[in-house]
Amino acid sequence: MRMKDKVVLIGGTGSNMSRATALLFAQEGAKVALAARTTEKMDETAERIQANNGNVITHQTDLTDAEQVDTLINNVVSEYGGVDCFIHAAGGYFSTEHDITNMDPDYWDGALQNNLRTLFNPVRRLVPILDTRSGGCIITISAGTRVRQDANAAYAAAKAGMVATAKNLAKELYEKNIRVHALCPGIIWDPLPEGKIAPVATQLERLGNPIDVAYAALWLCSDEAAWVTGLELTVDGGDSLFIDSPIRREVLA
């Protein structure tokens, strides 16, 4: 129960990483609020939390829309009394197409908006709320260096911007006791298993699992990491070190 009585808002709940994080936080005693533009995967996540007697609410929200974000946060505060942790899991636009001469300007703008505006809108509203709770934690889920280099320039720019934003905010919000981090996963190939969340295999030589990301987020948001801020935490099995992993190389082939 490492998150007992804490309120966690997760924005952008379409990926297995955000699902694993929501399930684990609820399992560890948090009250979880889920927000997403589309509802199908979010509702499935909520059903899994409820099946394990977890506390969860859902809100259909486009995080690029400031008015919708205002409504979301007002509803979460009304339901749960406040927010202690915000996990920004929105994004997208990964592809391995590298020809910038053929990139549509709207694609570039979309990558920045979906990854950065979806971080900006909630954070600007949440800082005063976290401040009233004597602090808290903000995490943005970016991408590891290797992933950014393998992807297109728009995705790389957006994800690098998320890291820079987190580090800047960590300095800005220090006096408010608000910790800010960028969590940078590698490519997560393994599916999320059914049932309760538990640590996966301890070997480095394997595929990444959404649970790896969830446990990293749990530590950063927990009181165990109370003296840690501004961290760029890479969760990629060494891929950013250009480790030659036979298992991961086979998947990419």
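The values are calculated or read from the model by the stated rules, or taken from the named source; none is laboratory data. Just so you know, these numbers come straight off a predicted model, no measurement behind them. As a convention, Cβ positions derive from the backbone with ideal geometry for all residues, glycine included, and neighbour counts pool all protein chains shown. The accessibility values were calculated without ligands, DNA or RNA, using every heavy atom of the protein model including side chains. Shrake-Rupley method; radii C 1.70, N 1.55, O 1.52, S 1.80 Å.
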If we keep only residues of region 67-108 that are hydrophobic (A, V, I, L, M, F, W, C), open to solvent by 40 Å² or more (accessible area, probe 1.4 Å) and part of a helix (DSSP H, G or I), then the residue farthest from Met17 (Cα to Cα) is Ile100
Residue hits (region 1-32; open to solvent by less than 50 Å² (accessible area, probe 1.4 Å) and over 11 Å from the mean Cα position of the chain (by Cα)) are Met3, Lys6, Val7, Val8, Leu23, Leu24, Phe25, Ala26, Glu28, Gly29, Ala30, Val32
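Okay, residues lined up against (1) in contact with a Ser or Thr (Cβ under 7 Å, 6 or more places away or on another chain); (2) in contact (Cβ under 8 Å) with a residue 24 or more places away in the chain; (3) over 19 Å from Ala226 (Cβ atoms):
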site: Asp99; (1), (2), (3): no, no, yes
site: Asp106; (1), (2), (3): no, no, yes
site: Gln113; (1), (2), (3): yes, yes, yes
site: Arg125; (1), (2), (3): no, yes, yes
site: Arg148; (1), (2), (3): no, no, yes
site: Ala156; (1), (2), (3): no, no, yes
site: Val180; (1), (2), (3): yes, yes, no
Of Ala170, Ala111, Ala157, the only residue that is under 30 Å from Lys4 (Cα atoms), part of a helix (DSSP H, G or I) and of a type in the set (Gly, Ala, Ser) is Ala170
The one condition Val180 fails out of (1) modelled with pLDDT of 95 or more; (2) open to solvent by 80 Å² or more (accessible area, probe 1.4 Å); (3) β-branched (Val, Ile, Thr); (4) within 27 Å of Asp239 (Cα to Cα) is (2)
If you go through Leu24, Leu9, the only one that is under 13 Å from Pro122 (Cβ atoms) and touching a residue at least 60 places away in the same chain (Cβ under 8 Å) is Leu9
Here the residues within region 63-86 that are β-branched (Val, Ile, Thr) and closer than 16 Å to Pro128 by Cα are Val69, Thr71, Ile73, Val76, Val77, Val83
field: Verdict on Val147 being at pLDDT below 95, open to solvent by 20 Å² or more (accessible area, probe 1.4 Å) and either touching a helix residue (DSSP H, G or I) at 6+ places or on another chain (Cβ under 9 Å) or part of a helix (DSSP H, G or I) (or both)
entry: no
Scanning region 33-44 residue by residue, those buried (at least 24 other Cβ atoms within 10 Å of the Cβ) and touching a strand residue (DSSP E or B) at 6+ places or on another chain (Cβ under 6 Å) turn out to be Ala33, Leu34, Ala35, Met42
Scanning region 130-140 residue by residue, those out of contact with any Gly (no Cβ under 6 Å at 6 or more places or on another chain) and not in a strand (DSSP E or B) turn out to be Asp131, Thr132, Ser134, Gly135
### Task
Taking Ala164 as the residue in question, decide whether it is loosely packed, with under 15 Cβ neighbours inside 10 Å and touching a strand residue (DSSP E or B) at 6+ places or on another chain (Cβ under 9 Å).
yes
* Is there a residue in region 43-65 that is closer than 19 Å to Thr165 by Cβ and touching a Pro at 6+ places or on another chain (Cβ under 7 Å)? -> yes
Taking region 207-253 and keeping only residues that are out of contact with any His (no Cβ under 8 Å at 6 or more places or on another chain), under 17 Å from Gly186 (Cα atoms), open to solvent by 50 Å² or more (accessible area, probe 1.4 Å) and part of a loop (DSSP other than H, G, I, E, B), one is left with Phe242, Ile243, Asp244, Ala253
